[in-house]
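Working notes, structure below.
The values are calculated or read from the model by the stated rules, or taken from the named source; none is laboratory data. Every value quoted in this text rests on a predicted model; they were computed, and no experiment measured them. Ideal geometry is used to build each Cβ from the backbone, glycine not excepted, and the neighbour counts take in all protein chains shown. Keep in mind that these areas ignore ligands, DNA and RNA; they rest on the heavy atoms of the full protein, side chains included. Shrake-Rupley method; radii C 1.70, N 1.55, O 1.52, S 1.80 Å.
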Amino acid sequence: MKRDFEFFNPTQVFFGRSAMENLGAVLSQYGDRVLLAYGGGSIRENGIYDQVMEVLRACGKTVTEFSGILPNPTYAKALEGGALARACQADLILAVGGGSVIDCAKAVAIAAVEEGDLWNKYWEGKQPLDCVPLPVGAILTMVGTGSEMDGDSVLTNEETKRKTSCWDYAIYPQFAILNPEFTFSVPEYQMVSGIFDTLSHIMEIYLSPEDEDNISDDFAEALMRSILHNTPVAIANPRDYVARSNLMWASSLALSGILAPSKQEDWEVHQIQHQIAAYYPSAHGMGLAAVSPAYYRLVCPHGLPRFRRFAVNVWGVDPAGKSDREVALAGIDAMAAFIRDSRMTPNLRALGILDESRLAEIAATCNLRRGGYYTLTREDVLQVLRESF
C-alpha cells in the first residue's frame, strides 16, 4: 500500500430479505417529519411503496411525498425538492429507488438548508460543504450507481448542458436498506445497465496507478470476476437470489471507498458519459458500455502491465505465445464481447444517438481528469466518441 490514505464510510447497511425489518428502529433516531423521495411510480406498482408507508405510519411519521425524480436527475428538480423540504420542515430525506433518486435526495438535503447558486458553488466549483445537510436514508430498488454507500450527488444542469457531481462526507446516506428481492422487477435493460455501471466503477479505480502489489487491486479483481460470473445467471433468471444479491453487494462495495486506498483513480470514462448524457439523456451504464472499449484501447499502451494483468486475472486471457500488447488488447476485446453478450449497448448508435453532429461539442465541454495512466486531450475525447459511434 504505497500511497497514504484515509478511509471512512458512515453508512449503516441492512442487507438481505429481512432488511426492511430494521427500518422502524432506525427511523426512531430521527424527527417526526419525513420527505419521501421517489421516481416515476414503479414502487407503487411493485408494492415497495406500501411496505415503506406502513412502517412510516407505524412510527407516527408525518410524510410529505416528493415524486417524479427521473433518470439523470436535474439541478432544477433538486431545488424543487429543497424548497419542499423547507416548507414541510423535514427532519429526514428518505430516498426509495435507484441511484438517480438517491443522488437527487442528497442534493435536496443540501438545498433544504442552503439557498443561492449551489450549482456553481458545489457542483461546478467543487467547494466543501459549508452547511449541515439534512440526513438522508436510502431504500435501494435498482443496482448500479453505488449511491447508497457513497458521498456523491450527480446532477444535470439542463440550462448549461453539464452533468457533474458534488461529493462530501456529509451527504453519505446515514443508513441503507438493501433487499435484493426489491430489484427483481427491474427490466432487463435497466438491470444490465446497472451491472456495467458497477463494473465501470471498479475499472475506473483498478485501471490506474499505483501498480504495486496491493490489496485494493486484489479486491477489485475478485469483485469483477464475481460480476462476470453472476451476470449471465441473472439474465437467465432475474429472480435468482444468489446472483442478484452478489450483484447488489458488488455495486455497493465498488464505490464504498474500500477499493480506493493507494489508488489514484481514473474516472475519465464517467466524464465522457456524463457529458453525453447532458446532451442525450440515456441510461448511465449503457453510455459507459458504449464508450469503454474505445477509451481503454486508447489508454492501454500507457498502462500496459496493468492492462495485461486485467486481461489475465479478470477475463481469463491465456498469455501463452502473445506479446503483452496482444494480451492486453485481448482483455479489452473480451470486455466488448461481454457487453454484446449481456445485451448492453455496444456503441452510441445503439444508445440512440443517430448523428455525429454534436460529438465535437461534447468533446469540447467534457471534463479532463488526471488520475489515470494518460490524460486525454479534447482531440482524444473526440476520437473516443467517433470510434464509439
Task: Accessible surface of the chain [probe 1.4 Å, protein heavy atoms]: carbon and sulfur percent - done: 50 percent
TODO: When a/c is below 1.5 the answer is rounded, else prolate if a/b is larger than b/c, else oblate, so apply that to the chain with a ≥ b ≥ c taken from the square roots of the Cα gyration tensor eigenvalues.
DONE: prolate
TODO: Whenever you get a sec, line up H201, H302 from highest to lowest accessible area (probe 1.4 Å, protein heavy atoms).
DONE: H302, H201
Task: Span-like helix ranges in the chain, DSSP H, alpha carbon extent 15 angstrom or more, Kyte mean at least -0.5 - done: 48-58, 75-87, 99-111, 188-206, 215-236, 241-254, 268-279, 284-299, 324-341
TODO: Along Cα→Cβ, 7 Å out, is where each label goes; now give me the distance between the ones at S28 and Q127 in nm to one decimal.
DONE: 4.1 nm
Open item on the list: Just want the answer: with Cβ charges of +1 for Lys and Arg and -1 for Asp and Glu, which residue in M344, F310, A320 is farthest toward the dipole's positive end in region 296-351?
Closed with: M344
Task: Mean ellipticity per residue at 222 nm, deg cm²/dmol - from DSSP H runs of n ≥ 4 across the chain, formula -39500 (n - 2.57) - done: -14000 deg cm²/dmol
Task: Charge context of V269, other residues only, Cβ under 13 angstrom, K/R +1, D/E -1 - done: -4
Task: Karplus (6.51, -1.76, 1.60) ³J(HN,Hα), θ = phi - 60°, over region 134-151, in Hz, Gly and Pro reported as x - done: 5, x, 10, x, 10, 10, 7, 10, 8, 9, x, 6, x, 5, 5, 9, 9, x
Task: Neighbour cut-off at most 12 other Cβ (10 Å), DSSP loop, trypsin sites (Lys or Arg not before Pro), region 226-329 - done: R239
Open item on the list: Below 8 Å, C-alpha to C-alpha, sequence gap of six or more: please give me the relative contact order for the chain in percent.
Closed with: 16 percent
- [ ] Would you work out which of P173, S185, I235 lies farthest towards the positive end of the dipole of region 167-251? Charges go on Cβ: Lys and Arg +1, Asp and Glu -1.
- [x] S185
- [ ] Please work out how much accessible surface D213 shows to a 1.4 Å probe, ignoring ligands, DNA and RNA, in Å² rounded to 10.
- [x] 130 Å²
Open item on the list: Run the reach check for K2 against lysines, Cα to Cα strictly under 20 Å, same-chain hits fewer than 8 apart removed. What comes back?
Closed with: K263
Task: Antiparallel DSSP beta bridges within the chain, percent to nearest 5 - done: 20 percent
Open item on the list: If I model a spin label as a point 7 Å beyond the Cα along the Cα-Cβ vector, how far apart are those points for R386 and V233 in nm?
Closed with: 4.4 nm
Open item on the list: To check you understand DSSP bridge types, tell me what percent of the beta bridges within region 92-177 (both residues inside) are antiparallel, rounded to 5.
Closed with: 45 percent
- [ ] Compute, for S252, the solvent-accessible surface of its heavy atoms (probe 1.4 Å) with the complete set of protein chains present, and express it in square angstrom to the nearest 10.
- [x] 0 Å²
Task: region 119-216: relative contact order as a whole-number percent, Cα under 8 Å and 6+ apart - done: 32 percent
TODO: Starting from the residue with the highest accessible area, list E379, E326 in decreasing order, probe 1.4 Å.
DONE: E379, E326
- [ ] Can you bin region 245-389 into rounded, prolate or oblate? Criterion: square roots of the alpha carbon gyration tensor eigenvalues sorted a ≥ b ≥ c, rounded for a/c under 1.5, prolate for a/b above b/c, oblate for the rest.
- [x] rounded
Task: Net +/- balance of residues flanking S388 in space, Cβ distance below 11 Å, scoring K and R +1, D and E -1 - done: +1
Open item on the list: Just to confirm the filter: which GluC sites (Glu not before Pro) across region 70-160 are DSSP coil and have at most 13 other Cβ within 10 angstrom of their Cβ?
Closed with: E115, E159
Task: Value of relative contact order over region 261-327, rounded to a whole percent, pairs C-alpha under 8 Å and six or more apart - done: 22 percent
Task: Charge-dipole axis of the chain as Lys and Arg at +1 and Asp and Glu at -1 on Cβ define it, positive-most pick from I205, G31, V96 - done: V96
Task: Dipole magnitude (debye, nearest 20) for the chain, charges at Cβ of Lys, Arg, Asp, Glu - done: 440 debye
- [ ] With springs only between Cα atoms under 10 Å apart, run a GNM on the chain and tell me which of S147, S42, S292 wobbles the most.
- [x] S42
Open item on the list: How much accessible area per residue does the chain have, counting only protein heavy atoms and a probe of 1.4 Å, in square angstrom?
Closed with: 40 Å²
- [ ] With only Lys, Arg, Asp and Glu charged, each at its Cβ (+1 for the first two, -1 for the last two), find how big the charge dipole of region 1-128 is about the Cα centre; round to the nearest 20 debye.
- [x] 200 debye
Open item on the list: Counting other C-beta atoms within 10 Å, and keeping those with at most 11, which DSSP coil trypsin sites (Lys or Arg not before Pro) do you find in region 358-387?
Closed with: R370
- [ ] Under 1.5 on a/c is rounded, so check that first for region 26-108, then, if it is not, pick prolate when a/b is larger than b/c and oblate when it is not; a ≥ b ≥ c are the square roots of the alpha carbon gyration tensor eigenvalues.
- [x] oblate
Task: Mean-position separation - Cα centroids, region 325-389 and region 297-321, in angstrom - done: 18 Å
